[in-house]
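Engineer: Questions regarding the structure given below will be posed in turn.
The values are calculated or read from the model by the stated rules, or taken from the named source; none is laboratory data. These numbers were taken from a predicted model, which means no experiment stands behind them. As a convention, Cβ positions derive from the backbone with ideal geometry for all residues, glycine included, and neighbour counts pool all protein chains shown.
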Amino acid sequence: MAKKELTPEQLEARRAGCRKSYAKHKEERRISRAKYNAEHKPQIKAKSKRYHDSHVETLKKKSNDYYYTHKDSAAKNNQKYRIDHQDRILQHQLEVKIKVLTHYGNGKCACIRCGFEDTRALTIDHIDGNGNEHRRKTGMSGGLEFYRWLIKNNYPEGYQTLCMNDQFIKKAENKEMARGEQKLRERLTKKSPP
Ligand SMILES: [Zn+2]
């Protein structure tokens, strides 16, 4: 016997019934799935690893393809995220900065020489004055990237929190000035009367 064709109304009624039943049991399904996942963690992990190991190349290609076909939209999404969450991002960046400044300020977010506390004019100083060399070696421009690097590397020794004033004073004391400034000073000393 041929299957009876349903009218559009009957089809819609059937779909509505399915949707209703799906919604009714949604929570039950979620709980039972979570229970199953929790009880079978090792098996699920092993199965996923098996799949991954036997499909390495395909997965790599898929991921690459996805990246190239979604490059523009991903960049757009990132930009939108940055605009929508500007305050939160700035707050997070400030928290990272304060964390590092406090560590190198011996437990206080302040200059270790004069106690100045405004984070806008506090920086991390290379005690040996080799900041330029470090920047060249690591390719870091400083700022947030540098703070993150310090945290990631478990706060290496050789740094201290200084205010901008004290950093300039220290540079002058240790003759760590930029070459241009150094030359100018040399010229001025030569020209000055005895
Ligand atoms: Zn200071």
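Engineer: So which of 117, 95 is surrounded by 14 or more Cβ atoms within 10 Å (Cβ to Cβ) and without any contact (Cβ under 8 Å) to a residue 12 or more places away in the chain?
Structural biologist: Every option except 117 fails the conditions.
Engineer: If a residue must be within 16 Å of the ligand (Cβ to nearest atom), surrounded by 12 or more Cβ atoms within 10 Å (Cβ to Cβ) and either among the aliphatic types (A, V, I, L, M) or under 10 Å from residue 160 (Cα atoms) (or both), how many such residues does segment 98-112 contain?
Structural biologist: Final tally of qualifying residues: 7.
Engineer: Any idea which of 143, 115 is modelled with pLDDT of 95 or more, farther than 28 Å from residue 186 by Cβ and among the small types (Gly, Ala, Ser)?
Structural biologist: Values: 143 fails: modelled with pLDDT of 95 or more.
After applying the criteria, what remains is 115.
Engineer: For segment 113-131, how many residues are assigned to a loop (DSSP other than H, G, I, E, B) and within 15 Å of the ligand (Cβ to nearest atom)?
Structural biologist: The first filter runs over segment 113-131 and keeps only residues assigned to a loop (DSSP other than H, G, I, E, B), leaving 113-118, 127-130.
Right, trim to within 15 Å of the ligand (Cβ to nearest atom) and you get 113-118, 127.
Of the residues in that region, 7 qualify.
Engineer: So which residues in segment 143-175 are surrounded by 14 or more Cβ atoms within 10 Å (Cβ to Cβ) and away from the ligand (no atom under 16 Å from the Cβ)?
Structural biologist: The answer is 144, 146, 147, 148, 149, 150.
Engineer: So, in segment 91-105, exactly how many residues are part of a loop (DSSP other than H, G, I, E, B) and out of contact with any strand residue (DSSP E or B) (no Cβ under 6 Å at 6 or more places or on another chain)?
Structural biologist: Going through segment 91-105, the residues part of a loop (DSSP other than H, G, I, E, B) turn out to be 105.
With the extra rule that they be out of contact with any strand residue (DSSP E or B) (no Cβ under 6 Å at 6 or more places or on another chain), the set shrinks to none.
Residues in segment 91-105 being part of a loop (DSSP other than H, G, I, E, B) and out of contact with any strand residue (DSSP E or B) (no Cβ under 6 Å at 6 or more places or on another chain): 0 in total.
Engineer: Can we say residue 87 is among the charged types (D, E, K, R), over 23 Å from the mean Cα position of the chain (by Cα) and surrounded by fewer than 12 Cβ atoms within 10 Å (Cβ to Cβ)?
Structural biologist: no
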